[in-house]
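As structure tokens, the structure follows; a few thoughts come after it.
The values are calculated or read from the model by the stated rules, or taken from the named source; none is laboratory data. Worth saying up front: this structure is predicted, and the values here are computed from it rather than measured. All Cβ positions, glycine included, derive from the backbone under ideal geometry; neighbour counts span all protein chains shown.
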Amino acid sequence: MENFTVKRLLRRPWLSLLGLTISALLCLLLCVLAGTLSAERQRLEDVRQSYEILCVVSDVRGTTTEKLGMTHIYTDFLTDPEEGIGAYVKDLRLTKSFTCNGPGVAGQLIGVSNPRCSPLLDEAKGGNYACDAEDFFESRRYLCLLPQELYERYGGGSLTLQVRDPAGASPSNPSGTDREVEFQVVGWYLGGSGEIFMPYAAAQQLAAQLAPYATTDTAAFLLADNSKVQELTEAAQPMLSPVDPGAVAPKGLYALTIHDEQYRATCAAMEQNIRRLELLLPGLALLSLGAGFLLGFLATRGEARTYALMRTLGLTRGRLFTLVMAEQLALPCLAALLIALIRGRPIPALAFLLFHAVGSALSVLRSVRTAPTAILREQE
């Protein structure tokens with residue numbers, strides 16, 4: 001069988017070369033397309049998993065995201081996974097601001113729940129800070145981060161500040177209540193001049209002592225699962241409505257803005273590209289089938305008498321079909337094997353070979369199914 005196949009291939013060197021070239025090109029195209037499609041799907045999945053969708057709390061009209069004066073009812077709603085939306089939240093960013101004065105210091109004292117609350121601390125926005133306390137942002141102790149130039153003066157020691165909560169002002173006490181607080185200086189940050197940072201949890205304790213109740217000035221977070229934007233919107237409705245620019249906002253009513261426009265546009269563009277690539281797969285499969293049929297037709301054309309003689313010598317139709325198919329698939333198998341090894345894509349190469357074999361089989365069946373007596377009689 002091997003000798004027969006080799007001899008038949010060597011008898012038609014140009015057709016054999018054409019078959020090898022076409023097979024290699026089609027197999028390569030299919031492998032490249034499959035690789036590109038796989039890479040695009042992985043990129044889409046990476047975007048869905050890693051893209052950061054920022055959700056920001058504002059007043060109901062969306063005019064401001066600062067000095068919101070949110071009570072613990074709303075911050076609890078943000079963190080509670082059962083009664084609130086805590087299950088949809090990650091990287092929660094809460095701040096509470098005070099005015100402060102001290103030796104060589106005058107400005108703002110800001111409680112922050114994580115470094116991404118401020119560009120001065122957020123490395124992704126060019127911020128830079130160093131802190132000796134590992135649990136600084138979760139601590140309930142009065143710790144602080146100073147600008148680097150002040151840290152050189154107070155670093156490793158303590159700093160006493162006169163702190164006032166603007167949210168605690170009232171008609172009878174327009175400036176609010178002051179309190180002298182001693183802070184342990186545990187770190188520094190680059191830039192800034194009037195900002196001192198302290199842990200958000202400690203800031204809430206301090207606010208409760210300076211005002212009738214503690215409040216939060218700003219709130220933002222990242223969506224924990226990007227596929228659950230709609231679920232978050234529905235779950236937030238009881239406390240955080242969508243922004244309504246025309247609303248007359250009563251005090252204490254807040255809105256949630258989900259900044260997912262760029263995320264949706266990115267995913268839509270990638271999904272469209274994937275659909276286009278997927279449309280090419282059936283076309284290449286049909287092209288492989290057609291190539292198999294064409295090459296089989298060219299190889300078996302004019303061989304009817306040879307096949308008839310082989311049948312009269314006792315070769316069964318099934319055996320003859322096997323011999324001719326081995327001849328037709330020898331070079332495509334070689335091409336598919338080489339391309340699969342080079343590209344590392346065995347499945348697309350196997351798919352090409354399957355469609356090519358189907359096309360070849362249709363052509364070969366056409367040549368070997370006729371009875372040998374009818375062929376010989378026609379030749380006479």
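Can you say whether ALA268 is closer than 30 Å to LEU33 by Cα and either touching a residue at least 60 places away in the same chain (Cβ under 8 Å) or exposed (fewer than 14 other Cβ atoms within 10 Å of the Cβ) (or both), as far as the supplied structure shows? Steps first, please.
Numbers: closer than 30 Å to LEU33 by Cα: yes; either touching a residue at least 60 places away in the same chain (Cβ under 8 Å) or exposed (fewer than 14 other Cβ atoms within 10 Å of the Cβ) (or both): yes.
When the stated conditions are applied, ALA268 passes them.
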Select, from LEU121, LEU109, the only residue that is in the same structural domain as PHE183 (by TED's automatic domain parsing), surrounded by 20 or more Cβ atoms within 10 Å (Cβ to Cβ) and in contact with a Gly (Cβ under 8 Å, 6 or more places away or on another chain).
LEU121
With respect to the numbered conditions (1) at pLDDT 95 or above; (2) surrounded by fewer than 20 Cβ atoms within 10 Å (Cβ to Cβ); (3) within 25 Å of ASP178 (Cα to Cα), which one is the sole condition not fulfilled by LEU92?
(3)
Selected residue (only one of ALA224, ALA211 is surrounded by fewer than 22 Cβ atoms within 10 Å (Cβ to Cβ), more than 32 Å from the chain's Cα centre (by Cα), over 24 Å from GLY157 (Cα atoms) and not acidic (Asp, Glu)):
ALA211
Test of understanding: among GLY157, GLY69, GLY126, GLY104, which residue is under 30 Å from LEU232 (Cα atoms) and surrounded by fewer than 19 Cβ atoms within 10 Å (Cβ to Cβ)?
GLY69
Check GLU66, GLU83, GLU134, GLU40 and return the single one that is in contact (Cβ under 8 Å) with a residue 60 or more places away in the chain and part of a loop (DSSP other than H, G, I, E, B).
GLU66
Residue among ALA285, ALA335, ALA361 that alone is surrounded by 13 or more Cβ atoms within 10 Å (Cβ to Cβ), under 15 Å from ALA34 (Cβ atoms) and in contact (Cβ under 8 Å) with a residue 24 or more places away in the chain
ALA285
When you scan region 298-315, how many residues do you find that are within 58 Å of the chain's Cα centre (by Cα) and surrounded by fewer than 12 Cβ atoms within 10 Å (Cβ to Cβ)?
2
